[in-house]
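Colleague: Take this structure, written in structure tokens, and hold onto it; I'll ask about it next.
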Amino acid sequence: MVELPDDPASFREAVRHWLHEHVVGEFASLRGRGGPGDEDVGFDIRVAWELELAKAGWIGLGWPAEHGGRGASVAQQVIWAEEYSRAEAPARVNHMGENLLAPTLIAYGTDAQRARFLPGIADGTERWCQGYSEPNAGSDLANVATRARLADGRWHLDGQKVWTSLAHVSHWCFVVARTEPGSVRHKGLSFLLVPMDQPGVEVRPLIKITGSGEFNETFFDDAVTDADLIVGEPGQGWAVAMGLLGFERGISTLAQQVGFERELERVTAMAAATGRVDEPAVRRRLVEAWVGLRLMKWNALRSMGSGVPGPEASISKLFWGTWHRELGNLAVDILGGSAMAWEPAEGSTYSEHLTLEHKLFLFTRSDTIYAGSNQIQRNIIGERVLGLPPEPKIATR
Ligand SMILES: Cc1cc2nc3c(=O)[nH]c(=O)nc-3n(C[C@H](O)[C@H](O)[C@H](O)COP(=O)(O)OP(=O)(O)OC[C@H]3O[C@@H](n4cnc5c(N)ncnc54)[C@H](O)[C@@H]3O)c2cc1C
């Protein structure tokens, strides 16, 4: 376990030294790889990388020490993120476990749940996926139809989830399911922790426009989980599910910004290499992107340490989703005509055929959709932050 010096300069030096010593060999072969649209690349090596990070105590850096974290300060977490970006260390594989489920368990879970699950996340051995969306419940998440009932001391689940990122490589899924028959909307839902490796769970991959198979359909056909693997009270899972979305939309983006920084550097270098940086319009967009990234970081820092984020996390989500999509547009605009026609490597697959810039452009279409689309974020900001009149609701029973 690496010592964490209190003094920021020594802390930065310790992080830099560790990364310099460890991003070597097969890990160095994945410098800057595995990010958005590139998730399939070197997955096994990235899993091995998680074990290296775990051994040194870098997973769960910001969790409180009493929950198995390192209790690092906000400033230390920022330094870690900056140095990670600078070292171009491989993209992480368990964002949903470390940054979404773990803070949710810390805020809403029982001691037994924290003791059972946080160590597996911190030691890099248990990966998680998010079972929220369904064919008829995306933006309208309260329309969830997956059912769960208690029988023989276990929850039995039936239903279908969709767009489940990394379900095919996850050990566990946190699932929003309807546990009160006949209930409607957000009442009667529960937040369940379900093992993926069982006969009742079937995962079917969906290939994205980037060619990568990051997400899936997930079918539950009498899938089971233990009766005590419910976070919060039965039927009260909506508050837990929304709490987790607050983490997803807000502060967890600090880790994501590591990748953004790297992408912006790459786009800037491309503008310099092609001479397009001399064009005022390109320079303006590069500067705007740089400023936007700083605003994003400061905003994330502002919300850090304030407990479970509220609806204001939607401001961050709307901002970063739009920012990232614009960066993808800029990358392709800089490439100009060569964005449309380029020489693929001999025998490459569709995914390999795409450059990182194409992947950035294509993947960032989805940033304004997942974790709640831009329209949904605007509704939340309008109604719950600004107090504007609500949109008309469809009458329910
Ligand atoms: C890359 C990616 C990864 C994802 N990973 C996961 C995952 O791991 N787990 C998971 O559970 N889900 C995941 N999702 C699903 C994601 O949360 C949903 O796609 C999203 O919530 C939108 O739902 P939908 O696709 O059903 O679209 P719909 O809800 O059908 O929306 C269609 C369009 O209508 C608009 N719209 C809908 N309702 C309103 C309204 N009330 N007011 C204004 N406009 C509205 C939306 O903004 C959108 O433009 C992922 C999605 C993507 C793209």
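Colleague: Of Ser170, Ser212, Ser190, which residue is in contact with a strand residue (DSSP E or B) (Cβ under 7 Å, 6 or more places away or on another chain), within 13 Å of the ligand (Cβ to nearest atom) and among the hydroxyl-bearing types (Ser, Thr, Tyr)?
Modeller: Of the residues listed, the single one that is in contact with a strand residue (DSSP E or B) (Cβ under 7 Å, 6 or more places away or on another chain), within 13 Å of the ligand (Cβ to nearest atom) and among the hydroxyl-bearing types (Ser, Thr, Tyr) is Ser170.
Colleague: I've got another one for you. Could you list, in sequence order, the residues of the stretch 154-209 that are over 28 Å from Ile45 (Cβ atoms) and among the charged types (D, E, K, R)?
Modeller: Within the stretch 154-209, Arg154, Asp158, Lys161, Arg178, Glu180, Arg185, Lys187 meet the criteria.
Colleague: Further, regarding this structure: Looking at the stretch 206-232, I want the residues that are on the phi > 0 side of the Ramachandran plot and have a partner that is away from the ligand (no atom under 14 Å from the Cβ) with Cβ atoms under 6 Å, at least 6 apart or on another chain. Which pairs are those?
Modeller: So the pair list comes out as Gly211/Tyr350; Gly211/Ser351; Asp222/His156; Asp222/Gly200; Gly232/Tyr108; Gly232/Val240.
Colleague: What is the residue count in the stretch 82-140 for residues that are among the aliphatic types (A, V, I, L, M), closer than 19 Å to Ile45 by Cα and outside any loop (DSSP other than H, G, I, E, B)?
Modeller: Number of matching residues: 4.
Colleague: Okay, next question. I'd like to check something: does the stretch 110-117 contain any residue that is more than 16 Å from the ligand (Cβ to nearest atom) and either at pLDDT below 95 or under 26 Å from Lys297 (Cα atoms) (or both)?
Modeller: No, the stretch 110-117 contains no residue that is more than 16 Å from the ligand (Cβ to nearest atom) and either at pLDDT below 95 or under 26 Å from Lys297 (Cα atoms) (or both).
Colleague: Could you list all residues from the stretch 152-167 that are more than 16 Å from the ligand (Cβ to nearest atom) and either closer than 24 Å to Glu126 by Cβ or surrounded by 19 or more Cβ atoms within 10 Å (Cβ to Cβ) (or both)?
Modeller: Hits for the stretch 152-167 are Gly153, Arg154, Trp155, His156.
Colleague: Output the number of the condition that Cys173 fails; it satisfies all remaining conditions of (1) touching a helix residue (DSSP H, G or I) at 6+ places or on another chain (Cβ under 8 Å); (2) farther than 22 Å from Gln198 by Cβ.
Modeller: Cys173 satisfies every listed condition except (2).
Colleague: Note down all Cβ pairs under 9 Å where the first residue falls in the stretch 159-174 and is under 12 Å from Gly213 (Cβ atoms), the second is away from the ligand (no atom under 11 Å from the Cβ) and assigned to a helix (DSSP H, G or I), and they're at least six residues apart or on different chains.
Modeller: So the pair list comes out as Val169/Phe43; Val169/Val47.
Colleague: Restricting the stretch 178-187 to residues that are surrounded by fewer than 18 Cβ atoms within 10 Å (Cβ to Cβ) and away from the ligand (no atom under 16 Å from the Cβ), which is modelled with the lowest pLDDT?
Modeller: Only one residue fits best here, namely Val184.
Colleague: Within the stretch 223-235, does at least one residue satisfy the condition of being out of contact with any Leu (no Cβ under 9 Å at 6 or more places or on another chain), surrounded by fewer than 23 Cβ atoms within 10 Å (Cβ to Cβ) and either at pLDDT below 95 or part of a strand (DSSP E or B) (or both)?
Modeller: No, every residue in the stretch 223-235 fails to be out of contact with any Leu (no Cβ under 9 Å at 6 or more places or on another chain), surrounded by fewer than 23 Cβ atoms within 10 Å (Cβ to Cβ) and either at pLDDT below 95 or part of a strand (DSSP E or B) (or both).
Colleague: Further question: Pairs only if they're at least six apart or on different chains, beta carbon under 9 angstrom, first in the stretch 254-275 and touching a residue at least 40 places away in the same chain (Cβ under 8 Å), second of a type in the set (A, V, I, L, M, F, W, C) and not in a helix (DSSP H, G or I); list them, first residue then second.
Modeller: Close Cβ pairs satisfying both conditions: Leu254/Met304; Val258/Ala89; Val258/Ala91; Gly259/Ala91.
Colleague: On to the next question. Please count how many residues of the stretch 12-26 are in contact with a Leu (Cβ under 9 Å, 6 or more places away or on another chain) and of a type in the set (Gly, Ala, Ser).
Modeller: The qualifying residues number 1.
Colleague: Any chance the stretch 136-144 includes a residue that's crowded, with 19+ Cβ neighbours inside 10 Å, of a type outside the set (Lys, Arg), touching a Leu at 6+ places or on another chain (Cβ under 7 Å) and closer than 19 Å to Gly109 by Cα?
Modeller: no
Colleague: Applying the selection to the stretch 1-45, what residues are under 19 Å from Gly211 (Cα atoms) and either among the acidic types (Asp, Glu) or at pLDDT 95 or above (or both)?
Modeller: Asp38, Glu39, Asp40, Asp44
Colleague: So which residues in the stretch 236-274 are assigned to a loop (DSSP other than H, G, I, E, B) and either hydroxyl-bearing (Ser, Thr, Tyr) or at pLDDT 95 or above (or both)?
Modeller: Correct list: Ser252 only.
The values are calculated or read from the model by the stated rules, or taken from the named source; none is laboratory data. A quick note: this is a predicted structure, and the numbers were derived from the prediction, not measured. Heads up, the Cβs are rebuilt from the backbone with ideal geometry, glycines too, and the neighbour counts pull from every protein chain shown.
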